[in-house]
Structure formats: C-alpha cells, structure tokens
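Student: Please see the structure below; I have some questions.
The values are calculated or read from the model by the stated rules, or taken from the named source; none is laboratory data. Owing to the predicted nature of the structure, the values given are computational and were not obtained by experimental measurement. Virtual Cβ from ideal backbone geometry, glycine too; neighbours counted across all protein chains shown. In case anyone asks, the SASA skips ligands and DNA or RNA and just uses the protein heavy atoms, side chains included. Shrake-Rupley method; radii C 1.70, N 1.55, O 1.52, S 1.80 Å.
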Amino acid sequence: MSRVPLLVVGGFLGAGKTSLVTHLLQQSGGRRLLVLVNDFGAVNIDAGLIAEAGGDSIALTNGCVCCAMTGDLYYAVGDALDRNPRPDAIVIEASGISDPARIAALALAEPDLSLAGTVTVVNAEEIGALLDDPQIGAQIAQQIAAADLLVLTRTEHGPTEAAGERLAAITPAPQLAAPFGRIDPDLLFGLDPAAPNAPATPAHHHHADHFAKWTGDSPAPLPADRIRALLENPPAGLYRLKGWITDETGTREVHRVGRHLQLSPAAARSGSQLVAIGPSGRFRPEDMAALWREATAG
Amino acid sequence: MSETIIYTARRILTMAPHQPVATHVAVRGGRILAVGDVDCAAPWGGGRIDDRFADRIMLPGFVEGHAHLMEGGLWRYAYLGYRDRQAPDGVWWAGLTTNEAIVQRLRDVPGPGPAIGWGFDPIFMSDQPLSRADLDRVSADRPVAVLYSSLHVLVCNTVALKMAGYLDGAEVDGLIRDGAGQPTGELREMAAMFPVLRRLGVDFRALTGGAAVLAAFGQSARRAGVTTTTDLFSAQTEADLAELQTIVEGEDYPIRLVPAIGVTEGDPVELAAMMARMAAKSGPKLRLGAVKLMTDGSIQGYSARLRWPGYVNGAPNGMWNTPPATIRALVEGFHSAGVQMHIHVNGDEASEVVIEALAGAIAKGGPRDHRHILQHGQLMDAAQFRRAAELGLGVNLFANHLYHFGDQHYALTVGPDRANRMNACRSALDAGLNLAIHSDAPVTPLSPLFTAWCAVKRQTASGRVLGAEQAITVAEALNAITLGAAWTLRMDHQIGSIETGKFADFTLLDQDPTEVDPMALKDIAVTDTVLAGRVTA
C-alpha cells in the first residue's frame, strides 16, 4: 500500500491556520482529504463544510500535547490509516502552541505515512511582537524553525518586508504571501501520485503564478555520489522534490520536503525521474536545471 | 429507619478539632450518626456493635486530590517497576531490580500476541540499560515492548522493530542507535513510539476510560485507603456521562470520583455552560463541575516554565501547553462564571503567570468562594504562597516528586537550593494556605501514606534530605491527605474527617501513624476501607 501524505499546518493562535485548511478543502481538486480538527479550538472548522468539500474529519477533544497520556492526535492518525479506503491525504491543523516538528516526526517515523510538509502560518502584522514576547517568543520561533514552507497572512494591509526579515533570520524556508490562506493546493499535494482524480489543469487559475516547477529525466544510471550531493543540497527556495533515482546500486524513491530527505527502496528502473516545486520568485527552476546537468553530465 | 452500626476501633483519629481521638463511630444510612465511646449512639437508641476493626486504627477515608484514571488502565500489562506494587485485583507484584528479572516476568505473559510491560524506571536501576538484546531473550517471534513509567520512552525487541519498519535503515528522530549504528530498541517520544504501539495494539486512549478502567481505578484507590479521588484532566464528554454515572453511583463502586474536565482552549462562556450542565448531573459519589487547565510541562522533562535563572544545566526554558494570553482569558471567563479551576503549574514562571491571571480576574468580581487550586506548585517560593493566600487560592503540592525525582532536580534540573525548596509544604502552611499533597498517579504510585511520608521526611530515592526546613509534621501531613484534599474538591463539609453528619468513609490501618517512627509512615498497611458505611471489597 502506498504511503499516505500527511500535511502539518502549524502556527500560533490567530495566524490563519483554519482559513488555510478551509481553503485547501474547497480547492481539493478531487482529493479525499481527511482533516484532524481540534474540538476545543477557538474557531472550529465546520464538519459540514469539510463534508461538502468532499473531505472528512476526525475531531480531537483534547488539545494538550504535553505528555504521552494525551496521545490522542497520534491515535487519530492511526484511525485515519485504518480506514478503508484510506484518504488521499491527511491534514493536521496543529494546536496554536504545539511544535509542528513533533507532529511531522510521526510522518517520518510511520511507514504508512509520508510527510507532505510542514506549513507554518504566520500573521505578518503580529509576528514581530510575538517573537519579542519574553514568555512565548521562543515557542513561536520554534514553530517557524520547524517549517518547510512559511505562509504569511494579513499581508493585504501593508508592507511585509519586516516580517519577512524576522522569519528569514530564523529559517531559510521559502516564504509565500497568501492573504486569507489562499495558497495553491498543488504546491502542497500536486506532486503526489495519490491524487488520481485531480484535474489535469488546476481549476483555480489565479494561483498559477504561485509556484514554479522543474522536471528532470535521465535514461541511464547516475553516479551515486553526485546525485546524493544534489539531493542533499538542492537550490534555495525548493519546497518539494519527488521521483526515482537509479544509480549503480539500484533504484530508490526520493521524497524531499523542506530539509527532510527520505530515500526508500523501490522496484528497479533503468533511469531517473525527478519533479521539483517551490514558490515563484523563491524557487528558480533554472538553478535546479543547472545542478541536474552537473550531476548527470557523463 | 435503617440500622445503626457502631464500629469499634483501637483508636479513631477523627481529624476533627473538637474530638481528635475516639474509639467508636456510629453509622446510619451511609452517614456518621455519632462519634465517641461505646455509648456514642445511646441518644439515638443505640445500635449493633461491629468489632471487626477492634484492633485497627481508623482514619477518615483518604482523599487523593490529583490522580488520573490511567492508573486503572496500565495494569492490563505486566508491572515492571522497581518498587513492590499492589494491582487492583489485590495481587502484590514484587519490584524488579535487574534486567534478568524483567525478562523473566515478560516471559510469563501469556501468549500468543505481544508481551507488554509498564512502570519501568531506569533511574532506579544499576544494571546495564535495558535493550533489544534483553527483550530478544523474552521471545524471538513475539513482539515485546516495555513502557517507561514516564510513558515518554519504550524499549522493544527485534520483532517489534521489524514490524515498524525500523530495521530498514530508516532515519527517525527518537530511534536510538548504538555505536555500530544498530537500533538499541529504545524509542523516545510519541512520534517514534507510535509505529510500534500501533502495531502492537497498545492504545493509550483505551487506558483512560471505559468500564474496565474505572473498575480497576476504583480498586487501586480503595487498596491504598483512598475513598475519594480525582481524574484531573478528564476527557469525559456530556455524551457518555450516563455510563460514568451508572458505574460510579452503583452501590458496589468503592470510591467517590471527582473528574475535572481538561481544557486548553475554547470559549469559556460556552465551556462554563457545559460545566454547569455536567455539574447538575453530580450525585453523592460522582462530582462534576470543575475544570483542569494546563499551563507548562514538567520539570524533569525540561518543559516546565522557570523564572530566572532557569535550568541549572543550561537547558532552554520550557514550553507552554496553553499560551499565557489564553490562560488569562480562560481564567477570567471561568472565574466570572463561578467555575472552579484546578490549574497545573510546575515551574515558578507558570505559577507566577497563573497567580497574576487570577489576581486580575478576581479584581473584576466573581465569587469569593472560588477555591481555585494551584496543582503541583513545585517551585513556588514563600512570596508566591503569600500572594496565593491573599487571593484565597489553595495548593496541592507534588510531595512524591521529592522522592522519585529529587536527586535529578538536585543535580540536573534546578540545582541544590531550589531543589531544597521544591514542594515547600512548610512555607505553604505558614502562609495560611489550605494544603493538599498528591501522587499524580500513575506518574508515581497511588498511596497517600507514602505521599505523607514524603512531605514529612523529604527524602530522595538516594536518601538525601531536600530542605529539612520545609518538612511538615505527621499531623499536618495526615490533614493534607484527608481534610486538606477534601477542601480542594469542595467536599470538606461531607468528607475528610469523622464527624457527625458526614459520609461514613473510613480507612483502617494496622498501625497508628501518630505513634510509629515517622520513617515508618509509608510502611503502614491499609487493611480495609469503608464507603458510606459499607465495608468495600
């Protein structure tokens, strides 16, 4: 059975996590998303809305993450994996104080899951003050450091350069301004084969300029050391990288999101195929192409 | 009119100031009719003398103000702790001090299926770290897993590692490897543990609720002499309240239960309305209406929020499980609605934030008889206790920590001087506060006499005395595990002392805690408990 992608949506209270998740549901493009929602959340996602968008939800009644005694979140993911059929993807809206890295760690540990990424949502108007707060600042910085992609909300009212600089000082993860959490779901899920019903062209053209994509293909086995170097040090702005690489030792499935690289054994192929994606303006496909040429040059 | 039974005891320590010692207690209709000598019931027409406790010491039933239902759930697995411990079914399980003994006990777990153990605590063990190789000696074809007492770590055998795909060279945070790069079997934190737990069918959620867990919890408490206790971060919902009511209010259920509903966020107005609906379902044995709030984490896990100078080993400050702004909003909302709050505060920054939040809320009005309780309060200093007293708060301090984690606190977490003032029962009483002390079972074993011993002797597992100046007397400790804890549950008018009119809840001991060497407090045996006049079993 193929791995189910798990997307972690983190960020402090009021960052806009619920808006982003709601948007993903509305633009799911035929993917069956299963959303884990916190039942005590200040703004609950309406289960009806989720159902209307073709998704499903599991409500958690207990948002505490302090100890294993309340491992409800992990077990809810287990319940999702036990469903038949399994969802195409699982989305977890983390509670406002949880460290998204601890949830992402589950996707990296559990053989039935793959990590679709950790998206930390940041309220551009509030982030400076939050980071300066002596009580909560360090925890906010931890959420930002855990991100594979930073989504800035509340960007419609003024300049966001200051917020962007604060974030860049914490992590090189790509930043994407997305008022009301409107980001293109294909950036998060588009590379996954687990979306058989997805329309060939996105139904939401206004997003088309949100991300840039690169694809690479090589018919012959590649030198192992060079391809490994490329996978470990991709160009700036890359959010996800997926495909198969074949070297002298065999074929492996590649799944990179943010800084997490997962290589798993795969059925033997003769060549290699990779797809990369990142936010426009941050990710330059030509950089990736140059590195690919270097790695694959005879 | 129901029958009057007059129980005779060698001595009754009533905890009532006007008559601290007696020899007889008359019970009618589940309540105390009279206390005194053999003639105490004469004005009421006398009664039938019951001498079965004639050579026992009787105290009011103990009250454990901070425990969790999970205490009743873990016993379905093999007990592997260092200290002897009695299971809910009454069987005494000897403490295990070597890896070999652990292997032997796990071999005895009936198959087929996984062999699972719990309660293992490496800080007490002088043996080599328990490893996959040890557990492979339990079985080469059954999965085997050992849960640490903290539940944050497990060790498993090769079969279990293989089931989770952990032998395929996976790079997983928390999957510990030896010098040669091979997994040792140790898995740290839930993300790494979960793939094994899931495949072995270990569901923590099933350990914290349901009829079997409730039954075991009741027995576990009764055997420790506890007649009233809490589930202090309850996930109880209104929808399944009827089942809980039926079980707890049943005549055979051996304890009174006070669940405090866990809250970390949400609209306090809506939540207060829900609490009022739940409170209306309270009966003589099941009490609802209070909430439990979380703030920081734990000191030994370095997740408690500390004031300057922080952790002595340089670890960064801990984490909030509820951010301060949310704590303030919840505290204000619940206080103004008259909902009693039990608030988890381990580090002294957490207690400071909560005290200030309560001060702000109380200044705006709301009930004067709120009885909000600071739970754990492990690093509160004298000034915080005085401030808490000014606000009419109560404290329930984690005395058992002094023994179980005191050496770690001294050496690693907060250093000698602050370790010496941890769980400062003396300062709390001197500030005029109502004091309770607790086990946080299953974090540490449920046993109020052991908890009292901790508050009196303040000894760590290695025998070091932490802050002798913060010790309290045996009498004060006995009050803390009866009337003091009853106050924190808003039940001191009904339980906690042996006085006319109160529920006839008693604990019988084989020795007098006020006469033994205080060092022996923890070794006194609980022989029986009585709930509402009925001897429980």
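Student: Only one residue in B:Trp320, B:Trp308 is within 14 Å of chain A (Cβ to nearest Cβ) and surrounded by fewer than 18 Cβ atoms within 10 Å (Cβ to Cβ), so which one is that?
Tutor: B:Trp308
Student: Can you tell me which residue among B:Ala140, B:Ala160, B:Ala212 is over 30 Å from B:Ile261 (Cα atoms) and open to solvent by 40 Å² or more (accessible area, probe 1.4 Å)?
Tutor: Unique residue meeting the criteria: B:Ala140.
One line per residue, one yes/no per condition, for (1) in contact with a Phe, Trp or Tyr (Cβ under 8 Å, 6 or more places away or on another chain); (2) open to solvent by less than 20 Å² (accessible area, probe 1.4 Å); (3) more than 27 Å from B:Ile261 (Cα to Cα); (4) within 12 Å of another protein chain (Cβ to nearest Cβ):
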site: B:Leu135; (1), (2), (3), (4): no, yes, yes, no
site: B:Ala145; (1), (2), (3), (4): no, yes, yes, no
site: B:Ala170; (1), (2), (3), (4): no, no, yes, yes
site: B:Arg177; (1), (2), (3), (4): no, no, yes, no
site: B:Phe194; (1), (2), (3), (4): yes, yes, no, yes
site: B:Ala206; (1), (2), (3), (4): no, no, no, yes
site: B:Arg223; (1), (2), (3), (4): no, no, no, no
site: B:Phe233; (1), (2), (3), (4): no, no, no, yes
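Student: A further question follows. Please indicate, with yes or no, whether at least one residue in the stretch A:133-154 is open to solvent by less than 10 Å² (accessible area, probe 1.4 Å) and of a type in the set (D, E, K, R).
Tutor: Yes, the stretch A:133-154 contains at least one residue that is open to solvent by less than 10 Å² (accessible area, probe 1.4 Å) and of a type in the set (D, E, K, R).
Student: What do you reckon, is B:Gly90 in contact with a Lys or Arg (Cβ under 6 Å, 6 or more places away or on another chain), part of a loop (DSSP other than H, G, I, E, B) and either more than 30 Å from B:Ala22 (Cα to Cα) or among the small types (Gly, Ala, Ser) (or both)?
Tutor: no
Student: List the number of the failed condition for B:Ala67; all other conditions in (1) away from every other protein chain (no Cβ under 14 Å); (2) hydrophobic (A, V, I, L, M, F, W, C); (3) touching an Asp or Glu at 6+ places or on another chain (Cβ under 9 Å) hold.
Tutor: Status for B:Ala67: all satisfied but (1).
Residues are listed down the side, and each one gets a yes or a no for (1) within 31 Å of the chain's Cα centre (by Cα); (2) buried (at least 18 other Cβ atoms within 10 Å of the Cβ):
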{"position": "B:Glu3", "(1), (2)": "no, no"}
{"position": "B:Tyr7", "(1), (2)": "yes, yes"}
{"position": "B:Ile12", "(1), (2)": "yes, yes"}
{"position": "B:His18", "(1), (2)": "yes, no"}
{"position": "B:Ala22", "(1), (2)": "yes, yes"}
{"position": "B:Ala34", "(1), (2)": "no, yes"}
{"position": "B:Ala42", "(1), (2)": "no, no"}
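Student: So in the stretch A:263-298, with the set limited to residues that are within 23 Å of A:Phe189 (Cβ to Cβ) and β-branched (Val, Ile, Thr), which one is nearest to the chain's Cα centre (by Cα)?
Tutor: Only one residue fits best here, namely A:Ile277.
Student: Go through the stretch B:343-363 and give me each residue that's away from chain A (no Cβ under 12 Å) and either in contact with a His (Cβ under 8 Å, 6 or more places away or on another chain) or acidic (Asp, Glu) (or both).
Tutor: Once the filter is applied, which keeps residues that are away from chain A (no Cβ under 12 Å) and either in contact with a His (Cβ under 8 Å, 6 or more places away or on another chain) or acidic (Asp, Glu) (or both), the stretch B:343-363 yields B:Ile343, B:Val345, B:Asp348, B:Leu358, B:Ala361, B:Ile362.
Student: Starting from the stretch A:159-170, keep only residues that are in a loop (DSSP other than H, G, I, E, B), then list their pairs with residues that are surrounded by 12 or more Cβ atoms within 10 Å (Cβ to Cβ) whose Cβ atoms are within a distance under 8 Å, requiring at least 6 positions of separation or different chains.
Tutor: Pairs found: A:Thr160/A:Ala124; A:Thr160/A:Leu152; A:Thr160/A:Ala177; A:Ile170/A:Ala141; A:Ile170/A:Ile144; A:Ile170/A:Ala145.
Student: Determine whether the stretch B:501-509 contains at least one residue that is modelled with pLDDT of 95 or more and open to solvent by 40 Å² or more (accessible area, probe 1.4 Å).
Tutor: Checked against the condition, which is being modelled with pLDDT of 95 or more and open to solvent by 40 Å² or more (accessible area, probe 1.4 Å), the stretch B:501-509 yields no hits at all.
Student: Need at least 1 residues that are more than 19 Å from B:Val155 (Cα to Cα) per element, so show me which strands (runs of 3 or more DSSP E) inside the stretch B:168-257 make the cut, counting only ones lying wholly within it.
Tutor: B:226-234
Student: Say we look at the stretch A:3-26 and pick out the residues that are within 14 Å of chain B (Cβ to nearest Cβ) and not in a strand (DSSP E or B); which of these is farthest from B:Trp320 (Cα to Cα)?
Tutor: Result: A:Arg3.
Student: Here's another thing I want to ask about it. If you take the residues of the stretch B:323-343 that are free of Cβ contacts under 8 Å to residues at least 60 places away in the same chain and within 22 Å of the chain's Cα centre (by Cα), which of them is surrounded by the fewest Cβ atoms within 10 Å (Cβ to Cβ)?
Tutor: B:Met341
Student: In the stretch A:81-116, which residue that is within 12 Å of another protein chain (Cβ to nearest Cβ) and among the charged types (D, E, K, R) is farthest from the chain's Cα centre (by Cα)?
Tutor: Residue satisfying both the conditions and the ranking: A:Asp82.
Student: So A:Tyr74 ticks every box in (1) open to solvent by less than 10 Å² (accessible area, probe 1.4 Å); (2) closer than 17 Å to B:Arg198 by Cα; (3) within 11 Å of another protein chain (Cβ to nearest Cβ); (4) in contact (Cβ under 8 Å) with a residue 24 or more places away in the chain but one. Which box is left unticked?
Tutor: (1)
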